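The values are calculated or read from the model by the stated rules, or taken from the named source; none is laboratory data. These numbers come from a predicted model, not from an experiment. Cβ coordinates were reconstructed from backbone atoms using ideal geometry, including for glycine residues, and neighbour counts include every protein chain displayed.
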Amino acid sequence: MKTEEEINEILKILKNEYPAPQTELNYETPFQLLIATILSAQTTDKQVNKVTTELFSKYNKPEDFLDLTLEELAEEIQGVGLYRNKSKYILKTCQKLIEEYNSQIPQARKELMKLSGVGRKTANVVLSCAFEFDAIAVDTHVFRVTNRLGIANSDNVRKTEEELMENIPKKMWSSAHHWFIFHGREICKARGPQCEECPVNHLCDYYKEVK
Ligand code: SF4
């Protein structure tokens, strides 16, 4: 496991590399971010943005979505993967938001996770991006990059999140989450990480091992 000093050095370097730590999903309201994040499972943010540009120009709140049938919504979002399942999740979520949350997005992880299609990762994204809570959403990039670097050491997403919360200062959780995502997309790719070009290779466990 890394020392505090090494982790701080990694975070400092990544901060310089990726100075704008924000989600690449386009949204204007917490509700839009929730829908965009549900749509983003197994789909690129770019593709989600293509679909939501059109979608949010017509439907902007839970009530608007409930005017649609399952088939109509599926047609609206068919540009993203698993669109049939996601249509079901979105309609159920909108129904629950209206019935139990006065059409507002709850600001607690436990409540968010009661919504259809919302797991811990999605809840953390909404909490940190829409409401500025400190949270680390562990997606596939965060999981891979942090375990390769040695900031986490687990084959389990939940345990990785716990280790990251332990090893990274709380005020940096949300930003660090974005730095790891950008690094995973651009350099530390799942197949063929570009280790020779990586600015944190001197601090990386995986690199030490393969080198
Ligand atoms: S050195 Fe390689 S494995 Fe380590 S963080 Fe950089 S790209 Fe990823």
Item checked: Pairs, first part of a helix (DSSP H, G or I) in the range 121-134, second among the acidic types (Asp, Glu), C-beta under 9 Å, six or more apart -> Lys121/Asp139; Lys121/Glu161; Ala123/Glu111; Asn124/Glu161; Val125/Asp139; Leu127/Asp134; Ser128/Asp134
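Yes/no matrix, rows are residues, columns are (1) among the hydroxyl-bearing types (Ser, Thr, Tyr); (2) at pLDDT 95 or above; (3) farther than 30 Å from Arg148 by Cα:
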| position | (1), (2), (3) |
| --- | --- |
| Lys12 | no, yes, no |
| Glu28 | no, yes, yes |
| Thr53 | yes, yes, yes |
| Pro106 | no, yes, yes |
Check: Is it the case that the range 76-98 has a residue that's crowded, with 21+ Cβ neighbours inside 10 Å, within 23 Å of Phe131 (Cα to Cα) and among the hydroxyl-bearing types (Ser, Thr, Tyr)?
Finding: yes
Note to self: For the range 167-211, give me each residue that is in contact with a Phe, Trp or Tyr (Cβ under 6 Å, 6 or more places away or on another chain), over 13 Å from Gly150 (Cα atoms) and within 8 Å of the ligand (Cβ to nearest atom).
What the structure shows: Cys195
Item checked: Odd one out for Val142 among (1) within 16 Å of the ligand (Cβ to nearest atom); (2) buried (at least 20 other Cβ atoms within 10 Å of the Cβ); (3) more than 11 Å from the chain's Cα centre (by Cα) -> (3)
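Residues are listed down the side, and each one gets a yes or a no for (1) crowded, with 17+ Cβ neighbours inside 10 Å; (2) assigned to a loop (DSSP other than H, G, I, E, B):
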| site | (1), (2) |
| --- | --- |
| Asp155 | no, yes |
| Arg158 | no, no |
| Glu166 | no, no |
| Ser174 | yes, no |
| Arg185 | no, no |
| Ala190 | no, yes |
| Pro193 | yes, yes |
| Tyr207 | yes, no |
Notebook entry, point to check: Within the range 118-126, is there a residue that is within 16 Å of the ligand (Cβ to nearest atom) and surrounded by fewer than 16 Cβ atoms within 10 Å (Cβ to Cβ)?
Noted result: no
Check: What's the number of the condition Ser103 fails, among (1) of a type in the set (S, T, N, Q); (2) surrounded by 15 or more Cβ atoms within 10 Å (Cβ to Cβ); (3) in a loop (DSSP other than H, G, I, E, B)?
Finding: (2)
